[in-house]
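Scroll down for the structure; my scribbles are underneath it.
The values are calculated or read from the model by the stated rules, or taken from the named source; none is laboratory data. On a predicted model such as this, the values are computed, not experimentally measured, just so you know. Using ideal geometry, Cβ is built from the backbone for each residue, glycine included, and neighbour counts are taken over all protein chains shown.
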Amino acid sequence: MDIKRKLGLSILLGVISLALNAQVNEFEKEFEEFTRQARKNYNDFRSKANKEYSDFIRKAWEIYLAKPEIPKPKDEPPVPPTPYPKDDKDEPIEDTPKPYDEVVPVVEPEAQPKPVDPIREEPQPKEETFSFGFFQTACKVRLGDNQRFSLKNTSKNALADAWERLASSEYNNVIRDCLELRIRHRLCDWAYLLMLQELSDAYLGKGTNESTLLCAYLYCQSGYQMRLGLGNNKLYLMVASKHQIYGRPYWEIEGMSYYPLNCNERSLEICGASFPKEQPLSLLVADIPLFAEQLSNTRTLQSEHYQDMKVQLVSDKNLISFFDTYPSSMIGENFCTRWAFYANTPLSKRMKEQLYPSLWNTVQGKSQLEAVNKLLNFVQTAFMYEYDDKVWGGDRAFFAEESLYYPYCDCEDRSILFCRLVRDLLGLKVLLVYYPGHLATAVQFTESVSGDYISLNNQKFVVCDPTYIGAPVGATMPDMDNSSATVILLE
């Protein structure tokens, strides 16, 4: 390896290291702030709110009927991968503006909910702990055998009495521990909800009413918006979501959609009581959860045209299992927003450390056009294409991490991965371009590059199609109806 390449690789590793250290420092600051806030003078606002909430549990219930499941949008038949004509390979690519009908704005993550008041540390004469596993990751909270409770029935008074016990100071430490786990393991809202469910099931029995009530209490006290539902003597946690989730029945209460966990009922009696400053769940994944690693076998990915574009990767199967639980969703009624959820999710630290030095070494010193062409051909040819219906029985988008693990992927998965690589390795802006039945990308170069392009706010984004096999930058797949294209902006 010559000096320039060594220097370039060293710079890339340095940038990755600085970025990762910055993330660690940010989480350390977040935890220090969490600890500092909890040391402040404690007032009785949270106690008062919980007392009012338990009073509502005794009386504020109404019958609600479920709304039908939102089916995944029916798209046009998927466009199969198309090889780029050999006769066109030596032809110059001319600048051609492409029309579009709609622009989907950037999907911005928001700060996670916080407790209505800082949770005070409660010294205990004898501290007992409870251990549980979460995606094979060892977790521990301060819970003892004497804190277990049981519900004799699901009467409103029994539920309210149990809530009042949970709201006592003896459960403060477990709330603090759960919030600390959220910070330490970088859990997004969905991961945090699953962790609370795992803890509650392990402590009080899987699927029991006691487990549901504990999970609901911890979730509510962490700042999240939820409601309690009852059907056939079964208690349900109803999770408010700011995003519409496909394939799950939901209940609409005062304009907000609530999704129950593991519920087949179509009619529920729901307690409409709210908690101060509650916030709905967000399905954005701003950072990758930190789980104990369970490593896969090594996978080799090789570009057909560029022999130096070759990587060997090992994936974390625990992280892949978490992604498998992720509910597909959209913002409002615009199904194009769903792809932004996946495309804006970063790769894990392990994957970056394996993938990026190898790819960077092959594009370092190249022009932007050469570098993007190499990354584009890598995604076009290193992966096997297959339809979701055949592999999964229906539509399913992949996070970039999943495309690097599973043996098959389709156009949306390739586009999500490609735009992740271009943004991370080259620092260029990328957007997604949706045609009926097909998803492609477009890159904003800071150097002069010709080809089919989309003009957006006087900025030129050149089309790059990871499913147009062998096609260079600037080539649009044939038969795409550009007049009905939708542009999806990314972070």
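Note on the range 372-398: residues that are in contact (Cβ under 8 Å) with a residue 24 or more places away in the chain, surrounded by fewer than 21 Cβ atoms within 10 Å (Cβ to Cβ) and among the small types (G, A, S) total 2. Would you confirm whether or not the range 445-464 contains a residue that is part of a helix (DSSP H, G or I) and either closer than 24 Å to N334 by Cα or without any contact (Cβ under 8 Å) to a residue 12 or more places away in the chain (or both)? Checked against the condition, which is being part of a helix (DSSP H, G or I) and either closer than 24 Å to N334 by Cα or without any contact (Cβ under 8 Å) to a residue 12 or more places away in the chain (or both), the range 445-464 yields no hits at all.
Just one of (1) surrounded by 12 or more Cβ atoms within 10 Å (Cβ to Cβ); (2) under 27 Å from the mean Cα position of the chain (by Cα); (3) among the charged types (D, E, K, R) trips up D161, so point out which. Unmet for D161, out of (1) surrounded by 12 or more Cβ atoms within 10 Å (Cβ to Cβ); (2) under 27 Å from the mean Cα position of the chain (by Cα); (3) among the charged types (D, E, K, R): (2).
Restricting F135, F130 to those that are in contact with a helix residue (DSSP H, G or I) (Cβ under 9 Å, 6 or more places away or on another chain), within 30 Å of T337 (Cα to Cα) and surrounded by 12 or more Cβ atoms within 10 Å (Cβ to Cβ) reduces the list to F135. Just give me the residues in the range 254-263 being closer than 13 Å to P68 by Cα and surrounded by fewer than 13 Cβ atoms within 10 Å (Cβ to Cβ), in sequence order. Correct list: empty. For V285, the criteria (1) under 15 Å from L421 (Cα atoms); (2) modelled with pLDDT under 95 hold in every case but one, which is (1).
Just one residue in the set G427, G437, G365 is farther than 24 Å from Q294 by Cα and out of contact with any helix residue (DSSP H, G or I) (no Cβ under 9 Å at 6 or more places or on another chain); that residue is G427.
Using the structure shown, decide if E293 is in contact with a helix residue (DSSP H, G or I) (Cβ under 7 Å, 6 or more places away or on another chain), in a loop (DSSP other than H, G, I, E, B), under 21 Å from T137 (Cα atoms) and acidic (D, E). Yes, satisfied.
Could you tell me whether any residue of the range 90-99 is β-branched (V, I, T), assigned to a loop (DSSP other than H, G, I, E, B) and assigned by TED's automatic domain parsing to the domain that holds A202? No, the range 90-99 contains no residue that is β-branched (V, I, T), assigned to a loop (DSSP other than H, G, I, E, B) and assigned by TED's automatic domain parsing to the domain that holds A202. Taken over the range 244-269, the criterion of being closer than 21 Å to L283 by Cα and among the hydroxyl-bearing types (S, T, Y) is satisfied by Y246, Y250, S257, Y258, Y259. Note on the range 465-491: residues that are of a type in the set (A, V, I, L, M) and either modelled with pLDDT under 95 or not in a loop (DSSP other than H, G, I, E, B) (or both) total 7.
Residues in the range 461-484 that are among the small types (G, A, S) and either surrounded by 22 or more Cβ atoms within 10 Å (Cβ to Cβ) or within 18 Å of E94 (Cα to Cα) (or both): 4 in all.
Scanning the range 109-117 finds one or more residues that are modelled with pLDDT under 95, outside any strand (DSSP E or B) and touching a Lys or Arg at 6+ places or on another chain (Cβ under 6 Å).
Okay, residues lined up against (1) buried (at least 20 other Cβ atoms within 10 Å of the Cβ); (2) within 19 Å of Y342 (Cβ to Cβ):
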| position | (1), (2) |
| --- | --- |
| E265 | no, no |
| L281 | yes, yes |
| E293 | no, no |
| R299 | no, no |
| Q302 | no, no |
| D316 | yes, yes |
| I320 | no, yes |
| T325 | no, yes |
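The residues on offer are S321, S358, S367, and the sole one that is within 30 Å of G474 (Cβ to Cβ), out of contact with any strand residue (DSSP E or B) (no Cβ under 8 Å at 6 or more places or on another chain) and among the small types (G, A, S) is S367. In the set F130, F134, only one residue is touching a His at 6+ places or on another chain (Cβ under 9 Å), modelled with pLDDT of 95 or more and of a type outside the set (S, T, Y); that residue is F134. Would you pick out the residues in the range 216-258 that are free of Cβ contacts under 8 Å to residues at least 24 places away in the same chain and of a type outside the set (G, A, S)? Selection gives E254 alone.
The set of residues in the range 71-123 being more than 30 Å from S450 (Cβ to Cβ), among the hydrophobic types (A, V, I, L, M, F, W, C) and surrounded by 11 or more Cβ atoms within 10 Å (Cβ to Cβ) consists of V107, V116, I119.
Given the structure, is D201 free of Cβ contacts under 8 Å to residues at least 60 places away in the same chain, surrounded by fewer than 19 Cβ atoms within 10 Å (Cβ to Cβ), closer than 30 Å to E110 by Cα and acidic (D, E)? When the stated conditions are applied, D201 passes them.
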